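Here is the structure we will look at, set down as structure tokens.
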Amino acid sequence: MEKLLQDIRYGTRSLIKSPGFTAAAVLTLALGMGANTAMFSVIQSVLLKPWPFRESGRLLYVSQRQADGNGNLFSTQDFLDWKQQGGLLARMGAHVSWQFNLSSIGAPPERVSGGQVSYDLLPVLGIQPMLGRFFSAAEDVAGSGNFVMLSSVLWKGRYGADPHIVGKSIQLDGAPHTVVGVMPAGFHGFDDKDLLWTPLRLRRDNGIGSSANFHWLGAFIRLPDGVSLKQARSELNAVATRLHQEDPSGDVGFGVDLQTLNDAFTSGVRPALLMLMGCVGLVLLIACANVANLLLARGAARFREMAVRTALGASPLRVIRQLLTESLILAAAGGVAGAAISFLLVRGMLAFHPPQVPRIEQTGIDGAVLGYSLLASLVVGILFGLAPAIDAARVDINDGLREHSGSTSRGFGRHRSLLVIGETALACMLLICAGLALESLWSLSNVELGFVPKNVLTFRIAAPAQLTGPRISEFYHQVVERIRAVPGVQSAAIARDFPLAGTDPSMPILTDGKTPAPVQGEVVTRYRAVSDDYFRTLEIPLLQGRAFEDRDTASSSAVAIVSESLARKYWPGESPVGKRLKPNFTGSSWCVVVGVVADVRHWGADAAIEPTAYYPFTQIPDSMRSLIEADMGIALRSSLAQSDLLRSIKAATAAVNQNVPVYDVKTVDSMLADSGSLRNFDLSLLGAFSLLALSLAAVGVYAVMAYSVSQRTREIGIRIALGAHSHDVLRLILRQGARLAIAGSVIGVAGAFLLRKIMASLLYGLSANDPLILSIVPCIMVFVLLLACWLPARRAAKIDPIVALRYE
């Protein structure tokens, strides 16, 4: 321990005596460590942190397997059928996201997010209510009354943390609901915005449960002690095989999939986050290469010192230990500075984080992140310090003690050349990845969406719960008529979901002719309920026939409009206008196709086009009304400011029913931006890391070239004295730097080529082997590095030979 403390004291004094070198090394490491720590904090929060449930690793998300092997939500009938099989799924709990109108005396109505849950779901999660109890089995049955559980946030915020809230009644969707319990602090379900929950009350005989084609339920189970995930999957696959033999035509026999919570909720963002973590790892390697080069240069300057220490009896191991101690001191200082930088980077990332990334808002610099930073600092200190330390330990005593030793060191040296080539290759790889992503973003900006988002404002409302049947449609119709009367509103329309703003059901359809067999994994058709003026408001081109009109009501003949891709699929080579189709669910009727509209990319520019059938919302069958018309969206086209429109919207809605809140007010432009926010987030970070890598590589090349020139001062003076011109010297230095830059760029292109599969999965509209990017980026890389070489080369070309020949 005494020797270690001696090494630390000596190393610290040595670094303080070289403030320029120390500052450069610490800053370089801080940038690399800061980016790594910030990115790890995101990874830790999103992918590694346990979910807030008891033994969350044994809590599994259950999805229904389809014929193509993909997972899907459960239909009511299939969920109940699987529960009846007993075994693992006997206590499977179901959940569906929902929204409610919450009102109270003296307060305006408020639309709150929550869920409907089966009585056995919350116990499966392994949590206990803070007050009261869970729902009982008797309360999860239709006709048993209205009951609700509150989140801690809602209980404290709206009800003043009333300790006697259990048993009291609150107004929900215009009806009194008895509070049976309050959930513990920190519990928000599976959506951080959930504030309350009501019983789900699944039924086979009517409502949503009457159609086997509606998949809307998420489900969860808890693995019993001693049962592994592999064993559970094997058991359920055996049950699925038996069910399929009993009923080959039923989809319940296709089985179920079991996933951990991490796999279920983070699989969509995991590849991008891991790619970004790999990128910052490359940045840190470049920083290590830079510091290693600085240490090699410093080691050459300390050549005599190492020779003297060896001559006085220091063993090579002792020299290595001393120099590694200095490296670890540098790494520790860089880690501390990097932690401070990472705090700023995390705040920056949270300022524009995409909503698609779960739990990212919980990102912070906690003990686990600081532990990672400490461990990374130790590894990095050894990584960049070991080669220079071993190089210094191999000192030749006779050469080291000879006068003028070290002054004739020539060129880069083999170690420094390899480090420059390595960091150039890594920076080139990152720049190619950023270039491909940027080109992909450019391709996306030119994709035809099928609608015009500019000057369209949307909001949502929910019909009062006491309305039933056609009165629900009439309520929405009255609201939209008042919206259309607002000065400055060009058009307005109703829809269950507008593009970029929600999931409409995927549903098989029947046609008069031969219905083509579905392609595995393909959405058969989307069921979209809309009003007249929907296509005019969104400026979706009408290709054939007519749009919906006021005369398309519940009492008139059922009609439909199909998208271009659906028409091409079901009626290839002929016009679908006048043909008939029928949504394949209970209570539906045959509809006459009256028009064809252009395809719409409902989920964003990079989303696949889905065949879509549009139906008048006034003709929705009663069996579907509770799902389709629970709440509806209204879109209006106007050039007025959003604040002016919002006042008019609220006034128009209140004129129909003052207890109905207006919520989820958004422009379609903002929704389009949100749909690409994850991609833009990834691209922004990738671009920032790539520029940082390029800067570090350029600084590293400059530092090594400057050192090389200083070591070759006498040689350059002799060359000039023997007749070499300044441009000859300039060419000599630049040629040396160009060889290394070109070698590194070639290796970088090869490395990027090996990463093509990863990048191709994250890109849109181009190949990962894009020749334009693969040719432009290396040229930019070589140019920047030659610019970094030019300053030392220019200084070398101006050397006075008389001064150089005296140089020591």
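Things worth noting here:
- Selected residue (only one of Asp162, Asp192 is more than 18 Å from Pro123 (Cα to Cα) and within 34 Å of the chain's Cα centre (by Cα)): Asp192
- Top-ranked residue in the stretch 582-608 [being under 29 Å from the mean Cα position of the chain (by Cα) and surrounded by 17 or more Cβ atoms within 10 Å (Cβ to Cβ); ranked as nearest to Pro499 (Cα to Cα)]: His602
- Among the candidates Ala175, Ala142, Ala94, Ala138, residue that is without any contact (Cβ under 8 Å) to a residue 12 or more places away in the chain and among the hydrophobic types (A, V, I, L, M, F, W, C): Ala138
- Looking only at the stretch 299-325, and only at residues there that are open to solvent by less than 30 Å² (accessible area, probe 1.4 Å), in a helix (DSSP H, G or I) and closer than 23 Å to Ser417 by Cα, the one that is modelled with the highest pLDDT: Leu323
- Residues that are open to solvent by 30 Å² or more (accessible area, probe 1.4 Å) and among the β-branched types (Val, Ile, Thr), drawn from the stretch 417-437: Ile421
- Near pairs, Cβ below 9 angstrom, 6+ apart or cross-chain, from the stretch 778-799 (modelled with pLDDT under 75) to any residue that is open to solvent by 30 Å² or more (accessible area, probe 1.4 Å) and not in a helix (DSSP H, G or I): Ala797/His725; Ile799/Tyr807
- Complete set of residues in the stretch 627-644 that are open to solvent by less than 60 Å² (accessible area, probe 1.4 Å) and either of a type outside the set (A, V, I, L, M) or in contact (Cβ under 8 Å) with a residue 24 or more places away in the chain (or both): Leu627, Ile628, Glu629, Ala630, Asp631, Met632, Gly633, Ile634, Ala635, Leu636, Arg637, Ser638
- Residues in the stretch 333-366 that are open to solvent by 70 Å² or more (accessible area, probe 1.4 Å), closer than 22 Å to Leu274 by Cβ and either part of a loop (DSSP other than H, G, I, E, B) or aromatic (Phe, Trp, Tyr) (or both): Phe352, Pro355, Gln356.
- Checking each residue in the stretch 483-503 for being at negative phi and surrounded by fewer than 18 Cβ atoms within 10 Å (Cβ to Cβ) picks out Arg484, Ala485, Pro487, Gln490, Thr503.
- A single member of Gln84, Gln66 is at pLDDT 85 or above and either closer than 27 Å to Trp197 by Cβ or open to solvent by less than 60 Å² (accessible area, probe 1.4 Å) (or both), and it is Gln84.
- Only one entry of Leu202, Leu284 meets the criterion of being in a helix (DSSP H, G or I) and out of contact with any His (no Cβ under 9 Å at 6 or more places or on another chain), and that entry is Leu284.
- Qualifying residue in the stretch 533-542 (condition: over 17 Å from Val452 (Cβ atoms), surrounded by fewer than 20 Cβ atoms within 10 Å (Cβ to Cβ) and either in contact (Cβ under 8 Å) with a residue 60 or more places away in the chain or among the acidic types (Asp, Glu) (or both)): no
- Checking each residue in the stretch 70-92 for being under 25 Å from the mean Cα position of the chain (by Cα) and assigned to a loop (DSSP other than H, G, I, E, B) picks out Asn70, Leu73.
- Among the residues making up the stretch 594-611, those that are among the aliphatic types (A, V, I, L, M), assigned to a strand (DSSP E or B) and touching a Gly at 6+ places or on another chain (Cβ under 7 Å) are Val594, Val596.
- Count - residues of the stretch 417-467 that are within 30 Å of Phe100 (Cβ to Cβ), part of a loop (DSSP other than H, G, I, E, B) and of a type in the set (S, T, N, Q): 1
- Taking the criterion of being in a helix (DSSP H, G or I) and open to solvent by less than 80 Å² (accessible area, probe 1.4 Å), the residues of the stretch 778-800 that qualify are Pro778, Met781, Val782, Val784, Leu785, Leu786, Ala788, Cys789, Pro792, Ala793, Ala796, Ala797.
- Cβ-Cβ under 6 Å pairs, at least 6 apart or on other chains, the stretch 375-399 side at pLDDT 65 or above, far side of a type in the set (S, T, N, Q): Gly381/Ser327; Gly385/Ser327
- Unique match (being open to solvent by 40 Å² or more (accessible area, probe 1.4 Å) and in contact with a Ser or Thr (Cβ under 7 Å, 6 or more places away or on another chain)) among Ala142, Ala185: Ala185
- When residues of the stretch 10-30 are limited to those that are open to solvent by less than 30 Å² (accessible area, probe 1.4 Å) and over 43 Å from the mean Cα position of the chain (by Cα), the one nearest to Val336 (Cα to Cα): Gly11
- Looking across the stretch 546-555, just one residue is farther than 17 Å from Tyr534 by Cβ and surrounded by 13 or more Cβ atoms within 10 Å (Cβ to Cβ), and that is Ala554.
- Positions within the stretch 222-253 being open to solvent by less than 70 Å² (accessible area, probe 1.4 Å), touching a Leu at 6+ places or on another chain (Cβ under 6 Å) and under 16 Å from Leu88 (Cβ atoms), in sequence order: Arg222, Ala232, Val252
- Here Tyr61 passes the criteria (1) within 30 Å of Ala368 (Cα to Cα); (2) part of a loop (DSSP other than H, G, I, E, B); (3) not aliphatic (A, V, I, L, M) except the one numbered (2).
- Test: residue in the stretch 271-289 that is modelled with pLDDT under 85 and of a type in the set (Gly, Ala, Ser): yes
The values are calculated or read from the model by the stated rules, or taken from the named source; none is laboratory data. Just so it is clear, the model here is predicted, and its values are computed rather than measured. Because the Cβ atoms are built from the backbone with ideal geometry, glycine has one as well, and the counts that use them run over all protein chains shown. When the accessible area is computed, the model is the full protein with side chains, heavy atoms only, and any ligands, DNA or RNA have been set aside. Shrake-Rupley method; radii C 1.70, N 1.55, O 1.52, S 1.80 Å.
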